[in-house]
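S.K.: This is the structure, below, for whatever I ask next.
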Amino acid sequence: MKLIDNISQLKTNKYLIFKKYLRKNKFLFFLTAILAVFLTVTSCGDDDEDFSDTGTNLSISDIAGSWIATSATFSAPEHIDILEEGGTVLLVIQNNGRFTFTLKYPGEADEVSTGKLGFDGEYLAVRFDDDPEEASFFISLVNNILTLRGQVELDLDQNGIEDFGILELIMERN
């Protein structure tokens, strides 16, 4: 019986010590709880906030609209001229930076990619909806001709494996 009383007394002592500790450190516990809630709420924000609508020389409003490629090449292990092979490349950019990129080949299903773009200095920053990694593209707009060049992964040979290479697009307003 003495053993049970000792265990009971030990539990009571631990409880009283913890209760005293809580009383003395209420402020620290309260502050920690508030900080945890704050960090949880702010870490769940929109990832698009890091995109700027304006770059060094261009802004989203300058490039918003529908574009069609007059030249489209993909250089991976081999050089592919997309237009020469019968393909069509379309790019639609909304004023909020959302875009739709469509690659069409006759007799095949369209390959459509969507995402969000913005600027990082002089480069166009692109985040595809199906890939959280951000890509950077060289961009220029001269006399209503849009040029984009950057590293992407595409499956142009339809073998189910995306090849890493450089996509260069020269586009005019559609």
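The values are calculated or read from the model by the stated rules, or taken from the named source; none is laboratory data. These figures come from a predicted structure and were not determined experimentally. Every residue, glycine among them, receives a Cβ derived from its backbone with ideal geometry; neighbour counts consider all protein chains shown.
S.K.: Only residues that are surrounded by 12 or more Cβ atoms within 10 Å (Cβ to Cβ) and either closer than 16 Å to residue 119 by Cα or not acidic (Asp, Glu) (or both): list them for region 152-174, please.
M.R.: Answer for region 152-174, where residues must be surrounded by 12 or more Cβ atoms within 10 Å (Cβ to Cβ) and either closer than 16 Å to residue 119 by Cα or not acidic (Asp, Glu) (or both): 152, 154, 156, 165, 166, 167, 169, 170, 171.
S.K.: A further question on this structure: Tell me which residues, restricted to region 76-125, are surrounded by fewer than 13 Cβ atoms within 10 Å (Cβ to Cβ) and assigned to a strand (DSSP E or B).
M.R.: Within region 76-125, 79, 81, 112 qualify.
Here's the yes/no breakdown for (1) touching a Gly at 6+ places or on another chain (Cβ under 7 Å); (2) over 13 Å from residue 52 (Cβ atoms):
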position	(1), (2)
93	yes, yes
100	no, yes
103	yes, yes
107	no, yes
113	no, yes
116	yes, no
120	no, no
129	yes, yes
132	no, yes
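S.K.: Test residue 33 against the stated conditions and say whether it is at pLDDT below 90 and more than 30 Å from residue 160 (Cβ to Cβ). Talk me through it step by step, then tell me what you get.
M.R.: Working: at pLDDT below 90: yes; more than 30 Å from residue 160 (Cβ to Cβ): yes.
When the stated conditions are applied, residue 33 passes them.
S.K.: Further, regarding this structure: Can you tell me which residues in region 119-149 are under 19 Å from the mean Cα position of the chain (by Cα) and at positive phi?
M.R.: Within region 119-149, just 121 meets the criteria.
S.K.: Identify all residues within region 104-142 that are touching a residue at least 40 places away in the same chain (Cβ under 8 Å) and either hydrophobic (A, V, I, L, M, F, W, C) or not assigned by TED's automatic domain parsing to the domain that holds residue 74 (or both); write none if there are none.
M.R.: Matches in region 104-142: 117, 119, 124, 125, 139, 141.
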